[in-house]
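The structure appears below as structure tokens.
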Amino acid sequence: MRDYDVVVVGAGGAGLRTAIESARDPSIRVAVVSKVYPTRSHTGAAQGGLNAALGNADPSDSPEAHAFDTIKGSDFLADQDAVYFMCQQAPEVVYELDRWGVPFSRLPDGRIAQRPFGGASFPRTVFSADRTGHVLLHTLFEQALARENIDFFNEFFLLDLLHDGQRVKGVVLYDIKNGEVITLRAKAVVLATGGFARIYWQRSTNAIGNTGDGVAVAFRNGIPLKDIEFIQFHPTGLSKTGILLSEACRGEGGYLINKLGERFMQRYAPAKMELAPRDMVSRAIEYEIREGRGFGEGTSAYVLLDLRHLGEAKIKERLPQVRQLAIDFEGVDPVYDPVPIRPTAHYCMGGIHIENYKTSSTPLEGLYAVGECACVSVHGANRLGGNSLIELLVFGKFAGISAREYAKQVDFLPITQGELRKGEEYIEKLFKREGTEKLADIRRRMGEITWEKVGIFRDEKSLSSAYEELSELLERWERIPVVDKSRIFNTNLIELLELRNMLELARAVAFCALHRRESRGGHYREDFPERDDDNFLKHSLVWQDGDRLRLEYKEVRITHHQPAERKY
Ligand SMILES: Cc1cc2nc3c(=O)[nH]c(=O)nc-3n(C[C@H](O)[C@H](O)[C@H](O)COP(=O)(O)OP(=O)(O)OC[C@H]3O[C@@H](n4cnc5c(N)ncnc54)[C@H](O)[C@@H]3O)c2cc1C
């Protein structure tokens with residue numbers, strides 16, 4: 001067992017930003033845990049950019065405008081005080097990154113460039129071509145490496161949290177490299193384990209590892225999840241694979257075209273067109289396909305993203321990665337041909353319930369959560385593109401301060417021999433398990449259920465059948481044996497652990513979606529197509545009690561803007 005003042009689980013943008021802030025006091029010892037090498041975290045895949053009202057491209061922009069766009073985009077489900085806080089802090093954390101060495105794209109006069117993005121009333125998105133997440137993650141990693149009081153636990157897998165019911169006291173980890181189970185005792189623990197859009201296994205923009213492990217571990221330890229029914233489907237996934245083509249494609253002026261050659265967004269959002277928010281554009285594409293104005297059929301149907309009019313020079317300068325992805329994975333060069341696209345699961349608006357946005361604290365004392373695994377809530381029912389990366393940085397900074405200051409005030413709690421043994425006993429049990437179920441079959445079935453029944457369009461029947469079937473899959477999960485008996489880099493075991501986490505979360509998503517009998521943001525019920533503020537202008541909170549799920553609702557904090565119809 002080793003002791004750390006602050007343990008951060010996750011080395012994506014959220015975890016690294018938090019660790020850097022906690023480590024500002026050299027007397028605080030910080031551990032950063034990651035199941036993949038830090039620079040392989042999903043943050044590195046972010047393309048388009050991050051939002052901050054710097055006013056460089058248009059001086060009329062302001063943090064207030066950013067906040068309003070975010071609240072409207074959220075379909076009024078975001079907590080408005082938290083949104084204002086994020087938008088006001090945003091410019092400062094972007095300048096911090098600039099000073100740390102992030103190579104942002106520039107205006108001719110040297111200031112940081114800003115591009116238009118969906119749902120934003122000004123060009124506000126700061127970027128580095130279309131590799132923003134990559135440069136951001138590498139810069140944060142360098143900054144973290146430079147701090148001597150941060151230790152990295154790379155390729156360690158979070159198995160469980162230790163706590164006494166009131167306060168957190170450590171984490172249990174599995175060392176993927178050699179199969180050892182270790183315990184880190186901690187005064188404060190920060191979960192920054194990212195999202196779980198891989199529950200849509202076959203069609204997702206997410207890294208294979210975005211399986212919601214931290215969210216599921218918190219859930220199993222009695223911590224409620226908030227607004228988990230809200231999943232974002234990104235409009236422009238490559239047709240064959242679901243791999244993302246950034247919103248920057250539309251930000252830079254790309255068109256969406258149907259089989260008749262129409263820019264069909266005219267029908268759905270005549271003012272904003274392709275730059276309407278993602279939930280609306282995704283539904284619009286699916287309507288076009290349903291009504292026979294798409295190309296292809298069934299699961300291989302698609303519409304086209306046309307970038308040709310931007311010209312070769314601009315595509316190569318501003319969208320080099322997009323071009324390469326289209327060439328490599330779809331066999332189409334956007335300089336010469338329009339690219340087949342279709343919506344794909346992208347982002348989880350919900351997550352671990354945060355009680356206080358200024359500290360990122362959860363209901364368990366000493367436990368914090370930040371980034372995509374957390375629900376602050378600033379995205380409500382639909383996140384605007386570019387608002388996740390800024391969320392990581394702003395709330396990572398403040399979570400880092402809270403964890404550090406908390407750790408200075410408390411002592412370590414004792415950990416019993418039984419607690420030290422629990423993780424190893426669980427792993428041994430898994431290795432001994434017998435059964436004939438196959439991991440790949442259950443995972444594939446999970447992906448079919450989520451996509452077909454908990455997808456862009458939902459209704460009572462589809463959701464209740466999804467809930468039943470996912471519960472059955474969870475039972476079948478108990479009968480999947482670990483075929484590979486080695487302790488060295490056992491990906492079979494890791495995938496088994498990840499699948500349990502995904503199944504538990506997928507079932508909770510279906511459960512909360514079933515009970516939200518309205519349509520709002522990313523959650524669209526064909527049987528309740530209207531937003532219902534009288535009954536559902538509130539956050540859902542779900543608990544897992546043994547095998548049962550329990551749901552409650554919580555008021556939304558409306559401090560600045562009264563809910564209004566969302567038109568673009
Ligand atoms: C393709 C793509 C493009 C995107 N583009 C943009 C964009 O342009 N702008 C924007 O604002 N947002 C974008 N997003 C969203 C945004 O990138 C993510 O929401 C954000 O990066 C999540 O950061 P994070 O730090 O919370 O998690 P991640 O970056 O996913 O990191 C999670 C970390 O947790 C660790 N971890 C997970 N489980 C375990 C475990 N069991 N044990 C130990 N460690 C664990 C992982 O190893 C990893 O280090 C994009 C997302 C995708 C998928």
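The values are calculated or read from the model by the stated rules, or taken from the named source; none is laboratory data. Keep in mind that this is a model prediction, so the values were computed, not measured. All Cβ positions, even for glycine, are placed from backbone atoms using ideal geometry, and neighbour counts span all protein chains on display. Calculation scope for accessible area: heavy atoms of the full protein, side chains included, ligands and nucleic acids excluded. Shrake-Rupley method; radii C 1.70, N 1.55, O 1.52, S 1.80 Å.
Tabulated values for the structure
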item: Tally of residues being open to solvent by 20 Å² or more (accessible area, probe 1.4 Å) and in contact (Cβ under 8 Å) with a residue 40 or more places away in the chain across region 518-537; result: 6
item: Tabulated pairs, region 316-330, first within 22 Å of Pro116 (Cα to Cα), second open to solvent by 100 Å² or more (accessible area, probe 1.4 Å), C-beta under 7 angstrom, 6+ apart or interchain; result: Gln321/Arg131
item: Only listed residue being surrounded by fewer than 16 Cβ atoms within 10 Å (Cβ to Cβ) and among the charged types (D, E, K, R), chosen from Glu419, Glu469, Glu391, Glu425; result: Glu425
item: Unmet criterion (only one of (1) in contact (Cβ under 8 Å) with a residue 12 or more places away in the chain; (2) in contact with a strand residue (DSSP E or B) (Cβ under 6 Å, 6 or more places away or on another chain)) for Phe264; result: (2)
item: Residues that are within 13 Å of the ligand (Cβ to nearest atom) and under 18 Å from Arg250 (Cβ atoms), drawn from region 117-128; result: Phe117, Gly118, Gly119, Ala120, Arg124, Thr125, Val126, Phe127
item: Residue check, Arg278 surrounded by fewer than 24 Cβ atoms within 10 Å (Cβ to Cβ), within 19 Å of the chain's Cα centre (by Cα) and within 14 Å of the ligand (Cβ to nearest atom); result: no
item: Tally, over region 16-65, of residues that are open to solvent by 40 Å² or more (accessible area, probe 1.4 Å) and charged (D, E, K, R); result: 6
item: Lone qualifier among Ala14, Ala57 - being closer than 30 Å to Gln562 by Cβ and of a type in the set (A, V, I, L, M, F, W, C); result: Ala57
item: Enumeration of residues in region 346-363 that are of a type outside the set (Val, Ile, Thr), closer than 16 Å to Lys554 by Cβ and surrounded by 24 or more Cβ atoms within 10 Å (Cβ to Cβ); result: Met349, Gly350, Gly351, His353
item: Residue among Ala374, Ala313 that alone is within 30 Å of Val215 (Cα to Cα) and either within 15 Å of the ligand (Cβ to nearest atom) or open to solvent by 50 Å² or more (accessible area, probe 1.4 Å) (or both); result: Ala374
item: Residue within region 457-480 that is within 16 Å of the ligand (Cβ to nearest atom) and either in contact (Cβ under 8 Å) with a residue 60 or more places away in the chain or over 24 Å from the mean Cα position of the chain (by Cα) (or both) present; result: no
item: Sole exception among (1) outside the structural domain of Val7 (by TED's automatic domain parsing); (2) crowded, with 20+ Cβ neighbours inside 10 Å; (3) outside any helix (DSSP H, G or I) for Gly385, by number; result: (1)
item: Some residue of region 248-268 being open to solvent by less than 10 Å² (accessible area, probe 1.4 Å), in a strand (DSSP E or B) and not hydroxyl-bearing (Ser, Thr, Tyr); result: yes
item: Given (1) open to solvent by less than 30 Å² (accessible area, probe 1.4 Å); (2) closer than 15 Å to Leu54 by Cβ; (3) in a helix (DSSP H, G or I), index of the condition Glu92 fails; result: (1)
item: Options Val83, Val102: the member that is in the same structural domain as Ser360 (by TED's automatic domain parsing), assigned to a helix (DSSP H, G or I) and away from the ligand (no atom under 12 Å from the Cβ); result: Val83
item: The listed residue being outside the structural domain of Ile243 (by TED's automatic domain parsing) and either within 18 Å of Thr139 (Cα to Cα) or hydroxyl-bearing (Ser, Thr, Tyr) (or both), out of Glu64, Glu92; result: Glu92
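Quick grid of which residues meet (1) more than 8 Å from the ligand (Cβ to nearest atom); (2) on the phi < 0 side of the Ramachandran plot:
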position	(1), (2)
Tyr4	yes, yes
Leu16	no, yes
Val30	yes, yes
Ala46	no, yes
Asn51	no, yes
Gly55	yes, no
Asp58	yes, yes
Ile71	yes, yes
Ala78	yes, yes
